[in-house]
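Read through the structure below, which is laid out as structure tokens, and then see the notes.
Only the coordinates and a few stated rules stand behind these numbers; no lab work does. What you see is a predicted model, and the numbers here were worked out from it, not measured in a lab. Backbone-built Cβ (ideal geometry, glycine too); neighbour counts: all protein chains shown.
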Amino acid sequence: MTDLVKNPASYASPPVLGHRGPAGTYELRASRIDLLSVSLATAGLGGAWRAAADSYPGVLPVSDGLYALSGLIWLLLVWQYLRHGGASWTNLRHDIRQPEQGFTLSYVPVIGMLITGHFSRFGMEPARWLYALFVLLAVLIAARVLAHWLTDGIDSTALHPGYLLPLSSAPLIASVTASVLELPAIADAAFAVGMLYSLIIGTIVLGRLVIQGRLPERARPTLTILTIPPAVGGIAWMASHQGAVDAVVYGFTGALFFTLVVVAFLLPELRQAKFHLGMWIFIFPAAAVTNFAVRLLAGFDTWITPTLTWGLLTVATAAFVGLGGATLVYMRQPEKPRITEGL
């Protein structure tokens with residue numbers, strides 16, 4: 001399969017084409033969902049700038065622009081997924097049952113929740129209804145994926161940290177958004193689900209990594225996803241407690257710091273032989289860590305807080321811009337995979 005279609009989640013085996021209809025094949029639909037990692041990365045960076053806007057209101061337009069860009073990418077790719085057969089219940093059920101890529105459908109509600117929460121200041125009530133829709137979709141996808149794993153099993157060699165997305169990251173992001181929408185009970189419930197499955201799925205994935213050794217090269221960028229549960233968990237806790245830096249936040253800080261040290265030792269393993277679009281998976285973890293750190297620094301409010309805040313935002317934004325530039329160069333290559341047509 002081509003570089004564009006094959007993200008780190010799909011290395012285990014060639015994808016099944018599934019049901020072919022007038023709109024397209026599973027390959028086409030899967031490629032659109034894979035590319036939503038670009039939208040997720042953009043929204044994640046927008047969240048980091050939004051965290052800074054609490055202390056520096058002048059940067060809010062930067063966050064608005066990033067979220068707007070994320071929304072445009074999201075709308076385009078979701079529309080193309082539906083156009084290539086995703087609107088069919090038969091195809092949707094087929095797609096979500098795919099062991100290597102079914103969980104990536106969680107990108108759709110996760111990004112929807114992030115964008116809804118950010119722009120809720122323009123209309124709280126409509127935002128709450130949209131949020132309810134996205135939460136329901138996230139719950140259905142996560143529950144269906146887990147039920148499929150429990151009944152049909154999954155090859156342990158295919159496991160990687162990306163599987164934390166539907167069962168851990170999605171509930172924690174739902175908790176953050178619920179706090180923004182002033183729904184504290186839902187925020188607490190989602191936080192509990194996210195932390196529970198962070199422990200369960202995280203333990204299973206770590207067991208696979210320890211026992212069966214290194215991941216294939218293309219899947220190794222997913223190792224940075226290990227930083228998401230402590231980072232987003234800390235953000236969710238602070239969002240539901242008015243930004244207070246308390247003992248629980250210190251606990252998340254310790255867990256995140258240790259995970260970052262582990263990832264630092266893994267940096268040689270994360271290098272890729274050549275650029276591919278799956279490398280966008282690096283950005284959301286980096287943005288989530290930056291978001292948490294910016295909030296933590298604002299809680300301390302020391303003399304060095306501004307310097308560290310702007311330094312972190314600069315590094316995260318530079319990584320985003322650099323990857324965006326590499327993507328433009330990649331897309332301008334004379335020989336493009338057939339499946340990229342229409343993007």
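Which whole-number percentage describes the relative contact order of the chain, with Cα contacts under 8 Å and a sequence gap of 6 or more?
The value is 22 percent.
Per residue of the chain, what 222 nm ellipticity follows from adding -39500 (n - 2.57) for every DSSP H run with n ≥ 4, rounded to the nearest 500?
Working: 12 runs with 220 residues, N = 343.
About -22000 deg cm²/dmol.
Rank by packing, highest mean first: peptides 229-240, 193-204, with packing defined as the count of other Cβ atoms within 10 Å averaged across residues.
The densest-packed peptide leads the list: 229-240, 193-204.
Can you give the longest stretch of the chain with no exposed loop site, where a site means GluC sites (Glu not before Pro) in a DSSP loop (not H, G, I, E or B) with at most 13 other C-beta atoms within 10 Å?
Looking at the chain, 1-181 is the longest stretch - no exposed GluC sites (Glu not before Pro) with at most 13 other Cβ atoms within 10 Å.
Placing unit charges on C-beta atoms (Lys and Arg positive, Asp and Glu negative, everything else neutral), compute the dipole magnitude of segment 189-291 about its Cα centre in debye, rounded to 20.
400 debye
Which trypsin sites (Lys or Arg not before Pro) does segment 260-301 hold that lie in a coil by DSSP with at most 11 other beta carbons within 10 Å?
Numbers: sites: Arg271, Lys274, Arg295; in loops: Arg271, Lys274.
Here the sparse-neighbourhood loop sites are Arg271, Lys274.
Could you run the Karplus curve 6.51 cos²θ - 1.76 cosθ + 1.60 with θ = phi - 60° over segment 236-243 and give me ³J(HN,Hα) per residue in whole Hz, x for Gly and Pro?
Using θ = phi - 60°, the values come out as 4, 5, 5, 5, 8, 10, 6, x Hz.
May I ask you to list the chymotrypsin sites (Phe, Trp or Tyr not before Pro) in segment 265-304 that are in a DSSP loop and have at most 12 other Cβ atoms within 10 Å of their Cβ? All intermediate terms of the calculation are to be shown ahead of the outcome.
On the way: sites: Phe265, Phe275, Trp280, Phe282, Phe292, Phe300, Trp303; in loops: Phe275, Trp303.
Filter output for segment 265-304: Trp303.
For segment 185-343, calculate the relative contact order in percent as a whole number, restricting contacts to Cα pairs under 8 Å that are 6 or more residues apart.
With pairs under 8 Å counted, the relative contact order is 25 percent.
Any idea what angle helix 36-53 forms with the longest principal axis of the chain, computed on alpha-carbon atoms, 0 to 90 degrees, nearest 10?
Computed tilt is about 10 degrees.
What is the chain by shape, rounded, prolate or oblate, if you read a ≥ b ≥ c off the alpha carbon gyration tensor as root eigenvalues and call it rounded for a/c under 1.5, prolate for a/b larger than b/c, and oblate otherwise?
Verdict is rounded for the chain.
Does segment 199-343 come out rounded, prolate or oblate, given a ≥ b ≥ c as the square roots of the eigenvalues of its C-alpha gyration tensor, rounded meaning a/c under 1.5 and, failing that, prolate meaning a/b above b/c?
oblate
Cβ under 15 Å from Ala287's Cβ, Ala287 left aside: what net charge do those residues give with Lys, Arg +1 and Asp, Glu -1?
Summing Lys and Arg as +1 and Asp and Glu as -1 gives +2.
What list of ³J(HN,Hα) couplings, whole Hz, do you get for segment 298-314 from phi and the Karplus terms 6.51, -1.76, 1.60, once you set θ to phi - 60° and write x for glycine and proline?
5, x, 6, 6, 9, 5, 8, 4, x, 4, 5, 4, 5, x, 5, 5, 5
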